[in-house]
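Asker: Could you have a look at this structure, given as structure tokens, before my questions?
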Amino acid sequence: FLWQEHKMPHSYGYRARTRDLFCKGFRKNGTIATQRFLKTYKLGDLVDVKADGAIQKGMPHKFYHGKTGVVWNVTKRAIGVEVNKQVGGRIMKKRIHVRIEHLQHSKCRLEFLNRAQKNDRVAKLAKAQGKTVSLKRAPALQPKPARIIGVKTTNNKVETLYPEAYVNLFV
């Protein structure tokens, strides 16, 4: 017998290489929650495209999975989303229609909106007290302020460092 090496035929299908991409998470199987269909999407909303493998209708192409876009159209069952796509050296705005099951409201602006509200509160309090407050974000680790180090104490004596003499290690 001649044993031949059998290879699977290569696939370039619409859902090729999506075995892990479209699979549901561990213990996330079962019926879809009704709350998913009751969410309202308005024009200009930021949404995340997250394809649900359990629902094949209205599923976006694998490229758009994980992308964030802006709602530009709302229909009875689907939402029109405008997503950026890099094609060659340019970024194109692609308009796709995706069913509601494959979308979720994006949380990318949540931190910014919370910070803006906090800044408004802080500015209002400062204005009432007649103070000026910096509302800019600052890194957590700031440089230490300038200080004088005492040399006369026993722990802080000056030590001069000299280079070690060259030792020929190859004998």
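The values are calculated or read from the model by the stated rules, or taken from the named source; none is laboratory data. Everything numeric in this text was worked out from a predicted model, so none of it was measured. No Cβ is skipped: glycine too gets one built from the backbone with ideal geometry, and neighbour counts run over all protein chains shown. With ligands, DNA and RNA removed, areas are computed over all heavy atoms of the protein, side chains included. Shrake-Rupley method; radii C 1.70, N 1.55, O 1.52, S 1.80 Å.
Asker: Let me make sure I get this right: for segment 72-171, a, b and c are the square roots of the gyration tensor eigenvalues over alpha carbons, sorted descending. Under 1.5 in a/c it's rounded, otherwise prolate if a/b > b/c, else oblate. Which is it?
Answerer: Oblate.
Asker: Within the chain, what whole-number % of the accessible surface is contributed by carbon and sulfur, with the 1.4 Å probe and all protein chains included in the calculation?
Answerer: On the way: 8780 of 15600 Å².
Whole-percent figure for carbon plus sulfur exposure: 56.
Asker: To the nearest 10 square angstrom, how much accessible area does residue 120 have with a 1.4 angstrom probe?
Answerer: Approximately 110 Å² for this residue.
Asker: Then there is this: Express in Å², to the nearest 10, the accessible area of residue 81 obtained by rolling a 1.4 Å probe over the protein heavy atoms while all chains stay in place.
Answerer: Surface open to solvent at residue 81 totals about 0 Å².
Asker: When the dipole is taken about the Cα centre of the chain, and only Lys, Arg (+1) and Asp, Glu (-1) are charged at their Cβ, what size is it in debye, to the nearest 20? Let's see the in-between values first.
Answerer: Details: 36 positive and 11 negative charges, 198 e Å.
Magnitude of the dipole: close to 960 debye.
Asker: In addition: For segment 1-150, just say rounded, prolate or oblate: build the C-alpha gyration tensor, square-root its eigenvalues into a ≥ b ≥ c, call rounded for a/c under 1.5, and beyond that prolate if a/b exceeds b/c, oblate if not. Before the final figure, lay out each step's value.
Answerer: Working: a/c = 2.71, a/b = 1.76, b/c = 1.54.
Because a/c hits 1.5 or more and a/b exceeds b/c, segment 1-150 counts as prolate.
Asker: Give me the 1.4 Å probe accessible area per residue for the chain, excluding ligands and nucleic acids, in Å². Spell out each step's value before the answer.
Answerer: Working: 15600 Å² over 171 residues.
Here the residues of the chain average 91 Å² of exposed surface.
Asker: A further question follows. Give me the accessible area of residue 31, 1.4 Å probe, in Å² rounded to the nearest 10.
Answerer: My reading of the accessible area for residue 31 is about 140 Å².
Asker: Still on this model: Using only the Cα atoms of segment 48-123, build the gyration tensor, take square roots of its eigenvalues as a ≥ b ≥ c, and label the shape rounded, prolate or oblate: rounded if a/c is under 1.5, else prolate if a/b is larger than b/c, else oblate.
Answerer: Working: a/c = 2.47, a/b = 1.65, b/c = 1.50.
Cα axes put segment 48-123 in the prolate bin.
Asker: Given R₀ = 45 Å, what would the calculated FRET efficiency be for residue 18 paired with residue 140, taking r from the Cβ atoms and rounding to 0.05? Spell out each step's value before the answer.
Answerer: Values: r = 40 Å, r/R0 = 0.89.
Working from the Cβ atoms, E equals 0.65.
Asker: With 29 Å as the limit, write out which pairs from 39/136; 118/144; 39/127; 67/124; 28/67 have Cα-Cα distances beyond it, or answer none.
Answerer: Details: 39/136 34 Å; 118/144 27 Å; 39/127 39 Å; 67/124 37 Å; 28/67 21 Å.
Over 29 Å Cα-Cα: 39/136; 39/127; 67/124.
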